[in-house]
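The values are calculated or read from the model by the stated rules, or taken from the named source; none is laboratory data. Worth saying up front: this structure is predicted, and the values here are computed from it rather than measured. Methodologically, a virtual Cβ is constructed for each residue, glycine included, from the backbone with ideal geometry; neighbour enumeration extends over all protein chains shown.
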Amino acid sequence: MNETGSGARETSFLKKKFSEHYSRSLPVPPALAQRELGFGWEKKIDYRHKAFASPGEFRSFMVSEAPLFVSYSTAYYEFPGARPMEKKGYLGSDVVFDIDIQHTEEPHAHNSLICPACIERAKEDALRLAEDFLCSDFGFSQKEVSVNYSGSKGFHLHVLSDAVRQLPASARAQLADYVAAQGLDAARLVTGAGDKTREKGAAREAIRGPGSKSRGWGKKIFDYCAGFVSGASLESFKEAGLTRKEAERIVSEKEFVLKKMREGNWDAVAGLDKLWKKAVADAVAAEKVVVDRSVTIDQARLIRLPDSIHGDTGLVAKKCDLKRFNPLTDAVAFPEGLARVRAEEDLFVPILGKAIEVRANVPTDVPLAAAVLLLCKKKAVLVQEY
Amino acid sequence: MDALVAAKYPFTSFAKKYLQAAGVEKIDSNALEEAKSRVIAAVREGGRGAGGARGTSEATRAGLVSYALARIMLAYIGKSGVSRKFALREARAAAERLEAEDEELFISVARDFFPSAAAAAGEYSVSLPDFLKYGSGLIHAGVEAGKVFMDRGDLTGVLREAITAKVMDLPKVRASEVPALVREAAEELEEELPKESFTGFAGKHLALSCVKKILSGMEEGRRYYGSMALAIACIRDGLAREEAKKVMEQYAGNCRRATHPFTAREALATLDWVYKHPAIRFSCRTMRENGLIGEYCESCPYRFKKRGG
């Protein structure tokens with residue numbers, strides 16, 4: 001091992017702590033007997049095709065082996081431990097969405113160790129995915145959607161509904177593409193907005209768009225664009241490329257413009273046509289949720305077991321209510337205790353509501369949660385456990 | 001449902017019930033000839049498939065029998081290209097008839113495929129899971145509260161896909177179980193059919209350099225889309241399902257083993273879906289959007305096509 005990496009002592013320490021945690025709190029996947037499980041000690045999955053007939057058997061394994069990573073199949077199998085895959089007897093699969101954003105677009109002091117701002121952005125996306133897409137559009141009930149923090153940078157949303165279990169990969173791809181606006185052709189929803197090629201003197205194609213009764217992406221684009229018109233000032237319209245005269249007319253006739261938009265007429269007043277190309281693009285960018293499509297599509301996927309510990313952070317992949325969840329306090333597996341660690345570089349650990357500083361090459365007593373995070377990240381060595 | 005409806009829509013559950021109730025005493029040469037003509041008309045002449053208005057109950061029954069016999073013969077012959085053409089034409093003919101039907105009949109045929117189908121205030125809806133069984137283009141659809149709302153034209157389009165898939169889903173037949181008369185007629189039919197253009201693994205699409213690159217294996221995250229492109233190339237080249245299976249198994253074997261292995265089962269699931277949706281088109285653009293290929297290949301015949309190609 002290098003000076004600041006998890007060697008035998010650190011690994012042994014982590015395994016001991018993980019084992020203690022699992023003896024107190026055991027995560028069990030729904031329909032355990034039909035799930036394939038995978039485990040990792042070095043990598044995320046070193047070993048898969050494991051199955052357990054009962055929670056007791058699973059508990060014994062987890063406490064004695066203390067894997068650093070635990071994954072389970074989104075699929076249900078007749079014989080989950082069988083190999084090769086063809087012999088498992090596929091029975092169906094949950095639909096899972098994985099949000100894993102590395103960085104927010106907005107400039108911020110990014111912490112490469114673990115970044116509260118990036119997690120917050122991922123949480124906002126997860127909330128929109130759950131509310132605007134899974135519940136509002138796809139019609140799943142809140143009970144059918146199980147949300148958990150990934151334990152690292154993102155969130156996983158599991159749709160546990162009989163209605164989706166038999167969906168083929170192609171149907172799952174359609175769901176992933178829908179939420180990510182992949183393949184969305186806005187020109188099919190707002191027609192005539194890009195009409196710049198007409199000959200001189202020829203009539204311009206009327207701009208028709210979604211109205212207040214539209215559904216799906218049409219509704220999302222309508223709401224965003226109507227919201228823009230409703231809230232925009234004279235200056236905003238000018239910044240969007242309208243002449244002063246055009247902007248003044250739209251501002252003075254805003255209610256008329258909005259009424260016509262609700263009916264699907266998007267060019268009731270001159271100058272509106274200049275708005276839509278950018279506004280529609282902005283609407284799509286604002287409303288879409290970027291997900292890892294391969295996770296949603298893959299029916300044989302292993303994904304982190306909710307409520308297990310993530311071996312890269314020591315944080316729990318906790319099931320959560322997104323509106324009241326702060327991963328850096330609520331998903332801490334080891335909220336109590338101290339350990340002494342030494343790092344090779346200055347580090348800042350934002351955890352348990354504190355800003356914990358570790359100076360380079362200075363043995364430092366830190367909360368156990370911070371020590372576990374640093375050891376999992378191979379950013380420090382263990383000097384002393386208490 | 002009356003006999004006329006059963007004859008017009010022989011792939012529905014009510015047509016099946018009608019035929020079961022009417023019974024088939026014996027298979028005569030006329031029924032076999034009509035079944036053969038039905039396939040040949042669809043494949044060779046681009047005909048609209050049989051069915052439609054029938055004057056008498058006897059004629060109706062004959063039409064249903066010819067449809068059932070045609071499918072048994074197609075299953076016996078085992079040429080997916082022929083089956084696909086037959087299914088496409090049966091579905092097209094049915095879709096054209098459906099356009100002219102009254103609301104009640106239209107929705108009852110729709111419910112045979114989509115139990116959740118409903119009509120209200122001039123529009124139609126099906127549940128999201130129902131839609132996803134056969135429909136494509138969810139991204140542009142009117143999705144709300146777990147339902148997909150459509151106008152009649154769009155629902156007819158989805159129905160057409162569903163009918164194609166159902167007609168193509170041929171019964172499993174063992175040669176020994178097929179009556180000798182039917183077997184002989186099927187063999188005669190096979191002789192009369194135009195030979196399929198591509199029976200090997202080097203058809204027009206499979207010979208494309210981009211498809212060859214996909215066949216050599218894709219990395220994790222692109223393996224599903226790779227399998228989709230490959231399966232479409234197989235069906236567009238007229239490969240039988242069994243031939244295409246070999247291609248897909250080769251592909252699964254070539255995909256790099258990553259954190260999550262890509263299995264032949266996954267590749268074959270994609271193949272099955274594609275072979276149930278034979279109208280699907282090969283698209284360089286989609287391949288590019290999914291990161292399967294970079295720039296268009298220099299010699300690609302599709303490179304100047306904006307859509308579909």
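Tabulated results
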| item | result |
| --- | --- |
| From the options A:Ala180, A:Ala268, residue that is modelled with pLDDT of 95 or more and surrounded by 15 or more Cβ atoms within 10 Å (Cβ to Cβ) | A:Ala180 |
| Residue that is surrounded by the most Cβ atoms within 10 Å (Cβ to Cβ) [pool: residues in region A:61-78 that are within 14 Å of another protein chain (Cβ to nearest Cβ) and closer than 18 Å to B:Ala269 by Cβ] | A:Thr74 |
| Any hit, region B:172-183, residues being crowded, with 21+ Cβ neighbours inside 10 Å and either touching a residue at least 12 places away in the same chain (Cβ under 8 Å) or touching an Asp or Glu at 6+ places or on another chain (Cβ under 8 Å) (or both) | no |
| Any hit, region A:172-179, residues being in contact with a Leu (Cβ under 9 Å, 6 or more places away or on another chain), under 30 Å from A:Ser71 (Cα atoms) and free of Cβ contacts under 8 Å to residues at least 24 places away in the same chain | yes |
| Selected residue (criterion: surrounded by the fewest Cβ atoms within 10 Å (Cβ to Cβ)) from residues of region A:130-154 that are hydrophobic (A, V, I, L, M, F, W, C) and in a loop (DSSP other than H, G, I, E, B) | A:Phe140 |
| Residues satisfying the stated conditions in region A:212-264, i.e. within 14 Å of another protein chain (Cβ to nearest Cβ), surrounded by 20 or more Cβ atoms within 10 Å (Cβ to Cβ) and more than 22 Å from A:Phe133 (Cα to Cα) | none |
| Extreme residue, farthest from A:Glu42 (Cα to Cα), among residues of region A:286-333 that are in contact with a Cys (Cβ under 9 Å, 6 or more places away or on another chain) and among the charged types (D, E, K, R) | A:Asp330 |
| Enumerated helices (runs of 4 or more DSSP H) restricted to region B:54-151, each holding at least 3 residues that are of a type in the set (S, T, N, Q) and over 30 Å from A:Asp94 (Cβ atoms) | B:57-77 |
| Meets criteria (small (Gly, Ala, Ser) and within 14 Å of chain A (Cβ to nearest Cβ)) for B:Ala207 | no |
| Single unsatisfied condition, A:Leu32 versus (1) within 24 Å of A:Phe13 (Cα to Cα); (2) modelled with pLDDT of 95 or more; (3) more than 14 Å from chain B (Cβ to nearest Cβ) | (1) |
| Scope region B:160-175; condition of a type in the set (D, E, K, R), away from every other protein chain (no Cβ under 14 Å) and either on the phi > 0 side of the Ramachandran plot or assigned to a helix (DSSP H, G or I) (or both); matching residues | B:Arg160, B:Lys166 |
| Within region A:2-119, strands (runs of 3 or more DSSP E) holding 2 or more residues that are assigned by TED's automatic domain parsing to the domain that holds A:Asp307, within 29 Å of the chain's Cα centre (by Cα) and of a type in the set (D, E, K, R) | A:47-50 |
| Residue within region B:266-281 that is touching a His at 6+ places or on another chain (Cβ under 9 Å), buried (at least 22 other Cβ atoms within 10 Å of the Cβ) and closer than 26 Å to B:Ala162 by Cβ present | no |
| Odd one out for B:Ala50 among (1) in contact with a Leu (Cβ under 8 Å, 6 or more places away or on another chain); (2) within 23 Å of B:Phe113 (Cβ to Cβ); (3) modelled with pLDDT under 85 | (1) |
| Flag if A:Leu32 is at negative phi and free of Cβ contacts under 8 Å to residues at least 60 places away in the same chain | yes |
| Subset of region B:140-159 [of a type outside the set (Gly, Ala, Ser), surrounded by fewer than 20 Cβ atoms within 10 Å (Cβ to Cβ) and within 10 Å of another protein chain (Cβ to nearest Cβ)] | B:His140, B:Glu144 |
| Counted residues, region A:327-343 - those being in a loop (DSSP other than H, G, I, E, B) and surrounded by 15 or more Cβ atoms within 10 Å (Cβ to Cβ) | 3 |
| Extreme residue, nearest to A:Asp177 (Cα to Cα), among residues of region B:123-133 that are in contact (Cβ under 8 Å) with a residue 24 or more places away in the chain and surrounded by fewer than 22 Cβ atoms within 10 Å (Cβ to Cβ) | B:Lys133 |
| Residue within region A:355-373 that is in contact with a helix residue (DSSP H, G or I) (Cβ under 6 Å, 6 or more places away or on another chain), in contact (Cβ under 8 Å) with a residue 24 or more places away in the chain, away from chain B (no Cβ under 14 Å) and on the phi < 0 side of the Ramachandran plot present | no |
| Any chance B:Val178 is modelled with pLDDT of 90 or more, in contact with a helix residue (DSSP H, G or I) (Cβ under 9 Å, 6 or more places away or on another chain) and away from chain A (no Cβ under 14 Å) | no |
| From the options A:Gly218, A:Gly201, A:Gly211, residue that is farther than 30 Å from B:Met228 by Cα, at pLDDT 95 or above and not acidic (Asp, Glu) | A:Gly211 |
